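Some notes on the structure that comes next.
Here, each number is a calculation from the coordinates, and none is a lab measurement. Quantities reported herein were computed from a predicted structural model and do not represent experimental measurements. Cβ placement follows ideal geometry from the backbone for every residue including glycine, while neighbour counts extend to all protein chains displayed.
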Ligand SMILES: [Zn+2]
């Protein structure tokens, strides 16, 4: 009788303890999930600030354009991408992008190529699926402009590029080479087509760029010359070049900073037309546009280069955690005459993994601590039974 009573009392306590353990485990697991998958993006991006553009003369402060630049998102495809890798990376990029949009409210976002990892191989069906995922991840309100330049993974390297792939890309992301807003001119270059071998696509792209260059030069020089007559006048402002391949540089040896290429890779010489544009194409772009700033992607690492004539180029690191532990994007404030840039780092992959490991450790400790408590009543039952049988 005493044993039955004791068992009933302890089975009640046992289920209460089990429930309490389960409750604690659920809370820890959900809290770590909520932190690592949502809150961390707000906590990190909250500290990013739009840079201040140089103080203009009193009464001359014009509108400032707030632009965000990111590169090399490499949305995985069906051929080489593992579904788990795809799910994880796309979730991270979506959260980072949506949080940045909400907190920072940019007016225009530029993606500097290699949006897709397998755009160069995608079948029409796969391309549609990848586009659907892109639209979901990078959804944005109507008042925010999203502009994309082509990268070698989107349309293929020069040798695999075809009119079909270029058309497919430009039908979705527009074929415009020039974007002007608030008196600021951005030139979006298809740098994959700057091979300089006179191929059909290359000739077309060069012709478009020289026309844009003519229009920009007309806006910056004394109007009225015969070459500049007619057409819509552009803002008289030195343009910003946006492209996937960086202008020619020998290597990343002079790059520094926490997100520059790793030291063992910095001295590896760059190959023209593969890692960077050819010297000739780089020279042409500088000569055609006389830009005030160049932003490029492709290397996945950060770098600041000063080209001839003091033109700065910023290599924007990859936005994907697949390529970096510390992805980032560039925030730029632009006026027709001036600009300022800052970098916004995203949560470190290492921090997220450490948090999950700490949470997993806590779950194990909680379980073991409770198991010890749970084991006690069983031991008591065993002792009681032995005493009962011995009688
Ligand atoms: Zn690339």
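With a cut-off of 8 Å between alpha carbons and a minimum separation of six or more residues, what is the relative contact order of the range 12-147 in percent?
Values: 110 pairs, mean separation 40.9, N = 136.
Relative CO of the range 12-147 lands at 30 percent.
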Over the chain, what is the relative contact order in percent, taking alpha-carbon pairs closer than 8 angstrom and at least six residues apart? 22
Give the separation of the Cα centroids, the range 21-48 to the range 238-282, in Å. 38
Could you work out the pair-distance distribution P(r) of the range 116-230 from its alpha-carbon pairs, with 10 angstrom bin width and percents rounded to whole numbers? 12, 37, 30, 17, 4, 0
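Counting each DSSP H run of 4 or more residues in the chain as -39500 (n - 2.57), what helix-only mean residue ellipticity at 222 nm follows after dividing by all residues, to the nearest 500 deg cm²/dmol?
Helices in the chain give a 222 nm mean residue ellipticity of -14500 deg cm²/dmol.
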Please rank 28, 166, fewest neighbouring Cβ atoms within 10 Å first, as an exposure proxy. 28, 166
Could you let me know the centre-to-centre spacing of the range 119-137 and the range 300-330, using Cα atoms, in angstrom? 26
Given the range 253-382, what whole percent of its Cα pairs are spread farther than 24 Å? 51
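Using Cα-Cα distances under 8 Å and only pairs 6 or more residues apart, what relative contact order does the range 178-310 have, in percent?
Numbers: 182 pairs, mean separation 38.5, N = 133.
Value for the range 178-310: 29 percent.
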Could you check the spin-label model distance between residue 52 and residue 349? Points 7 Å from the Cα along Cα→Cβ, value in nm. 3.7
Among 240-251, 283-294, the order from most to least packed when residues are scored by Cβ within 10 Å on average: 240-251, 283-294
Please work out, to two decimal places, the log10 of the ratio I(q)/I(0) at q = 0.08, 0.10, 0.13, 0.14 Å⁻¹ from a Debye calculation in which every Cα of the chain carries one identical scatterer. -0.51, -0.71, -1.10, -1.25
